[in-house]
Amino acid sequence: MLGNVVIAIVIVLIGRVGWKLLNWAWLKPRKLERWMRSEGYKGNSYKLVIGDMKELARTMKEGKSKSIPISHDIAAHVLPYDHHIITNYGKKSFIWFGPTPRIYMMEPELIKEILSRPNDFQKPHPDQFRDSVVTGLIVSEGQKWAKNRQIMNPAFHLENIKSMFPVICSSCSNMIGKLERLTEGTGVVEVDVWPYIDSLAGDVLARTAFGSSYEEGQKIFQIQKEQMELAMQNLLLLYMPGGRFIPTRVNKKFKQNNKELRSILVSIINRKKKALETGDRWHDDLLGLMLKSNLKEIEQDGVGMSMEEVIDECKLFYVGGSETTSSLMIWAIFCLALHQEWQTKARYEVLHVFGTKEPHFEGLKDLKIVTMVLNEALRLYPPVAMVTRATTKETKLGHMMIPSGVYISLPIIHVQHDRDIWGEDASEFKPERFSEGVAHATKGRGSGCFLPFTGGPRVCIGQNVAMAESKAMVVKVLQRFTFELAPSYKHSPFPMFTLPPQFGVPLILRKFTKI
């Protein structure tokens, strides 16, 4: 009798698991496909479990290995499979990430609405690729996000950015010194500036985020950089159920790095806390400011960020700060190297505002041309090419009722290159389109057209730091050098978490002597 009961329970459990598996792998995807097609969305028919992942992985691998002709029309290279789908099926199209459909949203008004309603349109959870490296504020939701954002906001207030600016300029000077030593003698050299700018962004973040723990900060960033590269190598496996637990070489190294990363961060955070107790100068950097704000939150409300949450935010410093800023800086330099007339205009402005002296924070507001150049570089080469949101319940958007379980991809690079929005010259470098600000540049279409730091309540918390650092770097470079693309340059902006140049940016660098 007992045996029959056990058998019956096992059969019921197998039936329930089987039904859930059937629903996940076939019934729900087919239902969502019918809904998408009824709303006018087009795309490939669903393939059991894998969807479009095989083709997506193949095109990404192929794209990473090649360069393209020098042009700002880069969407097809940056997001090759997405571009293929959008080109074949139109702006109202979709892609299959395994059994999960993602519809493309390219209407600026709807994009703005999605980003302004973060509780209704959340970031996909889980997202194996993103979650394997990025944690903290960028992935948290609801009350946890609101609490942590409130705690972190003071660290990014304007007065704190102003106090960081001498540190930023010092790091820029160190980079300039290295480049000047290369031009000694002949006054001209061919050099790949990407490693220098990438190192500069990491150096600034290590100093501003961790202060006296600068060397450990650099080690943290080195590990995070390796984690991103490992995640890219593991792309297909990450989306397989249980794939990250398979004991491959990459998975083992990834796990080892995470353990080392946590150990370093715990040590830094504990030292900062101890310094707080003894009254030492512990609050000069982002981590110190964050811990100070967290302590205030605990004293007022009894609840702040836990140790694990602080660790997560420290991990995010690299991807959210260093990677984003280095992407902006390198493509701004690339654009100035390619478009000599704008390099000349920007240098004239820099010399007018600062001469050959050290830049100061108050003078940044007078850099109108430099700001136009940076905005146009951000439009053509957005640090993040695409962001994705998801519905957790039936949700109204525009005239649609979107079912639960549909992901919405916002292909920022396509929107910012869209000729219907920006005109027939959308893929040309024309900083003058920003001469009267972003609103004028988008021709009244609103903030949903220009999203280099995304938008809405979850807009990048560090965007003002990134712009200040980029302006400082451009000023220092233009004061010391003239430059053009070297013949060896190979054009390949290719996404990791941000948009680095796959094969670097070699320049012909000449020492500038003011006449």
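The values are calculated or read from the model by the stated rules, or taken from the named source; none is laboratory data. All figures in this text were calculated on a predicted structure; none of them were measured in a lab. As a convention, Cβ positions derive from the backbone with ideal geometry for all residues, glycine included, and neighbour counts pool all protein chains shown.
Considering region 340-352 alone, what residues qualify as being buried (at least 19 other Cβ atoms within 10 Å of the Cβ) and touching a residue at least 60 places away in the same chain (Cβ under 8 Å)?
342, 343, 346, 347, 350
Given the conditions (1) at pLDDT below 95; (2) acidic (Asp, Glu); (3) surrounded by 14 or more Cβ atoms within 10 Å (Cβ to Cβ), and given that residue 62 satisfies all but one, which numbered condition is not satisfied?
(3)
Of 413, 408, which residue is of a type in the set (A, V, I, L, M), in contact with a strand residue (DSSP E or B) (Cβ under 7 Å, 6 or more places away or on another chain) and at pLDDT 95 or above?
Residue meeting the stated conditions: 408.
Restricting attention to region 88-120, which residues are among the aromatic types (Phe, Trp, Tyr) and modelled with pLDDT of 95 or more?
89, 94, 96, 104
Looking only at region 150-166, decide whether some residue is closer than 30 Å to residue 494 by Cα, out of contact with any Phe, Trp or Tyr (no Cβ under 9 Å at 6 or more places or on another chain), among the small types (Gly, Ala, Ser) and in contact (Cβ under 8 Å) with a residue 60 or more places away in the chain.
no
Matching residues to (1) of a type in the set (S, T, N, Q); (2) touching a Pro at 6+ places or on another chain (Cβ under 9 Å):
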site: 413; (1), (2): no, yes
site: 419; (1), (2): no, no
site: 446; (1), (2): no, yes
site: 451; (1), (2): no, yes
site: 463; (1), (2): yes, yes
site: 481; (1), (2): no, no
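Looking for something under 25 Å from the mean Cα position of the chain (by Cα), farther than 30 Å from residue 478 by Cβ and either surrounded by fewer than 18 Cβ atoms within 10 Å (Cβ to Cβ) or not β-branched (Val, Ile, Thr) (or both) - is there at least one such residue anywhere in region 316-327? Talk me through it step by step, then tell me what you get.
First, pick out the residues of region 316-327 that are under 25 Å from the mean Cα position of the chain (by Cα): 316-327.
If we keep only those that are farther than 30 Å from residue 478 by Cβ too, we end up with 316.
From the residues that got through so far, the ones that are either surrounded by fewer than 18 Cβ atoms within 10 Å (Cβ to Cβ) or not β-branched (Val, Ile, Thr) (or both) too are 316.
For region 316-327, residues under 25 Å from the mean Cα position of the chain (by Cα), farther than 30 Å from residue 478 by Cβ and either surrounded by fewer than 18 Cβ atoms within 10 Å (Cβ to Cβ) or not β-branched (Val, Ile, Thr) (or both): present.
Condition check ((1) of a type outside the set (S, T, N, Q); (2) in a strand (DSSP E or B); (3) free of Cβ contacts under 8 Å to residues at least 24 places away in the same chain) across all residues:
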{"site": "23", "(1), (2), (3)": "no, no, yes"}
{"site": "29", "(1), (2), (3)": "yes, no, no"}
{"site": "32", "(1), (2), (3)": "yes, no, no"}
{"site": "45", "(1), (2), (3)": "no, no, yes"}
{"site": "60", "(1), (2), (3)": "yes, no, no"}
{"site": "76", "(1), (2), (3)": "yes, no, yes"}
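Determine whether region 283-299 contains at least one residue that is free of Cβ contacts under 8 Å to residues at least 24 places away in the same chain, of a type in the set (Gly, Ala, Ser) and more than 28 Å from residue 384 (Cα to Cα).
no
Filtering region 227-256 down to residues that are of a type in the set (S, T, N, Q) and surrounded by fewer than 17 Cβ atoms within 10 Å (Cβ to Cβ), which residue is modelled with the lowest pLDDT? I'd like the intermediate steps shown before the answer.
Residues of region 227-256 of a type in the set (S, T, N, Q): 227, 233-234, 248, 251, 256.
Those still in the list that are surrounded by fewer than 17 Cβ atoms within 10 Å (Cβ to Cβ) too: 233, 248, 256.
Working: 233: 70, 248: 80, 256: 91.
Among residues in region 227-256 that are of a type in the set (S, T, N, Q) and surrounded by fewer than 17 Cβ atoms within 10 Å (Cβ to Cβ), the one modelled with the lowest pLDDT is 233.
Taking the options 205, 200, 179, name whichever one is buried (at least 18 other Cβ atoms within 10 Å of the Cβ), under 30 Å from residue 490 (Cβ atoms) and at pLDDT below 90. Explain how you work it out, then say what you get.
Values: 200 fails: at pLDDT below 90; 179 fails: at pLDDT below 90.
Just one listed residue meets the conditions, 205.
Give the residues of region 173-195 that are part of a helix (DSSP H, G or I) and over 22 Å from the mean Cα position of the chain (by Cα), sorted by residue number.
Across region 173-195, the qualifying residues are 173, 174, 175, 176, 177, 178, 179, 180, 181, 182.
Checking residue 379 against (1) in contact (Cβ under 8 Å) with a residue 60 or more places away in the chain; (2) assigned to a helix (DSSP H, G or I); (3) surrounded by fewer than 22 Cβ atoms within 10 Å (Cβ to Cβ); (4) among the charged types (D, E, K, R): exactly one of these is not met. Which one?
(3)
Name every residue in region 182-197 that is among the acidic types (Asp, Glu) and at pLDDT 95 or above, in order of residue number.
Correct list: 190, 192.
Six or more apart or on different chains, Cβ atoms under 8 Å: show the pairs whose first residue is in region 81-109 and free of Cβ contacts under 8 Å to residues at least 12 places away in the same chain and within 19 Å of residue 60 (Cα to Cα) and whose second is hydrophobic (A, V, I, L, M, F, W, C) and surrounded by fewer than 20 Cβ atoms within 10 Å (Cβ to Cβ).
87/76
Can you give me the ranges of the helices (runs of 4 or more DSSP H) entirely in region 418-515 with at least 3 residues that are out of contact with any strand residue (DSSP E or B) (no Cβ under 6 Å at 6 or more places or on another chain) and in contact (Cβ under 8 Å) with a residue 24 or more places away in the chain?
Output list reads 463-480.
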